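What follows is one structure encoded as structure tokens, with my remarks underneath.
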Amino acid sequence: MEDRRFDRLAKSMAGTSRRSLLKGAFGALLGGALGLPGLSNAAAAGRPVSSICRKNGDCASGVCGPKDATGRQRCVCANSTDCPAPAGTCTIATCTTGVCGTAPGNTGSPCGEAADSCSPAPVCSGSATGCPPALSACANGEVCGSDGTCESLQCFCPSGQMLLANGTCATPCTSSEPDNCGNRCIETSDGNLWSAGGADASCSSSNLDCPVGTACSGAFCEQVCGWTGVCGSPVCSVCPSGQTLLANGSCATPCTSSEPDNCGNRCIETSDGNLWSAGGADASCNSSNLDCPVGTACSGAFCEQICGWTGECGVPA
């Protein structure tokens, strides 16, 4: 039985050339390979942008571009969906005349973490590819409390003075006031302030560019730390008598570790020495008071309210 079947097969192939036989075998092999899972899908999907091609059908975008200087053709984009997804929430892919690029996008989409629990997370502006900086919703002279609301730091600056963005206490003035005792009324990003001059450093336009005790006027940081308006009085007594200025611009009352708790206030250890604290953890910190907002100091792993307790019961801490 097997001998007769072989004879019939030999007779049917007797007039077939070797080339025809090879083509038939190759076609059978290729057909089988394309039938394998994944291979047929890859062929149908086409090649990505920038891949070498010969015809439009080779490309996933359906567009095979013109020959380049080397004589090769490459797949180009037909629209932005043919282009690689860019990194960053605020960046979208673009396709312009067959070339992939990026542009600002996703306006209003959250793109980072909020500055504190009182503030919304930053969102894409639509005008820049980067995420805007996280800003606190709390105004100057306020700090974000543990309950998620902005709390006043009235205990920080003496009466008649205001807290600047960089943690400095300064005395407001009007541009019409004449110079007095060598002090001038200067214009800053936090309003008009009395200045004792003495350029400390250069700045752009914001008081945030200047160290504590100074403010930006023009291109220089001037001494503005709380002139009282009385001739002969110290211009730069940033903190009230008996208090010390911390690295983050806070005024606080020093204490010794041997002092007992008093009126609910505790003597805590910070990177600027031992200070009286009214408690109320505001935010987390590592080990430095620079990790904490103005009006607080780092004790352990949390920022505590330390804004200048006077040491007298009943006096706001």
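The values are calculated or read from the model by the stated rules, or taken from the named source; none is laboratory data. This one's a predicted model, so the numbers in the text were calculated from it and none came from an experiment. As a convention, Cβ positions derive from the backbone with ideal geometry for all residues, glycine included, and neighbour counts pool all protein chains shown.
Quick notes
- Qualifying residue in segment 195-202 (condition: modelled with pLDDT of 75 or more and either surrounded by 15 or more Cβ atoms within 10 Å (Cβ to Cβ) or more than 30 Å from the chain's Cα centre (by Cα) (or both)): yes
- Ser233 vs. criteria within 17 Å of Gly160 (Cα to Cα) and modelled with pLDDT under 65: yes
- Test: residue in segment 54-76 that is under 34 Å from the mean Cα position of the chain (by Cα) and either surrounded by 18 or more Cβ atoms within 10 Å (Cβ to Cβ) or not aliphatic (A, V, I, L, M) (or both): no
- Residues in segment 258-288 that are modelled with pLDDT under 75, part of a strand (DSSP E or B) and of a type in the set (Gly, Ala, Ser): Gly279 alone.
- Answer residue from segment 89-134, given it is crowded, with 16+ Cβ neighbours inside 10 Å and either basic (Lys, Arg) or in contact (Cβ under 8 Å) with a residue 40 or more places away in the chain (or both) and is nearest to Ser50 (Cα to Cα) among those: Cys100
- Residue in segment 300-317 that is nearest to the chain's Cα centre (by Cα), counting only those that are loosely packed, with under 14 Cβ neighbours inside 10 Å and at pLDDT 80 or above: Ala301
- Residue in segment 289-299 that is part of a strand (DSSP E or B), small (Gly, Ala, Ser), modelled with pLDDT of 75 or more and surrounded by fewer than 18 Cβ atoms within 10 Å (Cβ to Cβ) present: no
- Residue match in segment 160-181 (condition: touching a Leu at 6+ places or on another chain (Cβ under 7 Å), surrounded by fewer than 16 Cβ atoms within 10 Å (Cβ to Cβ) and at pLDDT 75 or above): yes
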